[in-house]
Amino acid sequence: MRRILLGGLLAALAASAQTDNCSALAGFTLPDARVEITRAEKLAASKLSAGPQGAPAAPGFTIPAHCRVEGILDRRVGVGGKQYGIRFALALPDNWNGRFLFQGGGGLNGSVNPPIGQVASGDAPAIVRGFAVVSTDTGHQGSVFDGSFFEDQQ
């Protein structure tokens with residue numbers, strides 16, 4: 001269910017972002033979906049400053065101008081009163097080629113990495129090649145070695 005929801009949300013956001021009114025996405029809603037858009041802003045082109053998990057960036061790449069959308073899917077209170085929700089960041093480049101890359105987080109995840117598609121995406125980051133890219137924390141916050149989310153199996 002969450003995979004379908006995320007796919008539908010991302011498709012709708014990608015279509016909406018092409019109107020050149022990125023900030024209007026801040027109030028975006030999808031019928032019957034539990035999603036909050038917490039940030040939506042247009043970012044100018046910039047040099048790639050760091051790679052995944054702070055590794056040195058591949059030299060020579062410029063991240064194109066894009067709409068950066070951040071939000072939370074399915075926010076809820078779980079076992080022991082702990083807050084859960086799938087946090088995500090989506091980058092929709094101005095030169096969008098109509099393709100999409102879902103960027104993994106690695107390990108047990110726990111943080112939202114910059115949505116550029118640098119890992120396992122060829123010589124150039126996916127966003128440089130025109131892909132819309134999304135990254136999530138898979139529904140929990142913590143280090144890649146933090147397994148505390150196992151306490152709540154939902």
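The values are calculated or read from the model by the stated rules, or taken from the named source; none is laboratory data. Quick caveat, the model's predicted, so the values are computed rather than measured. Methodologically, a virtual Cβ is constructed for each residue, glycine included, from the backbone with ideal geometry; neighbour enumeration extends over all protein chains shown.
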TODO: Filter region 129-144 down to residues that are hydroxyl-bearing (Ser, Thr, Tyr) and modelled with pLDDT of 85 or more, then give me how many there are.
DONE: 2
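Can you confirm whether region 47-62 contains a residue that is out of contact with any Pro (no Cβ under 8 Å at 6 or more places or on another chain) and at pLDDT 75 or above?
Checked against the condition, which is being out of contact with any Pro (no Cβ under 8 Å at 6 or more places or on another chain) and at pLDDT 75 or above, region 47-62 yields at least one hit.
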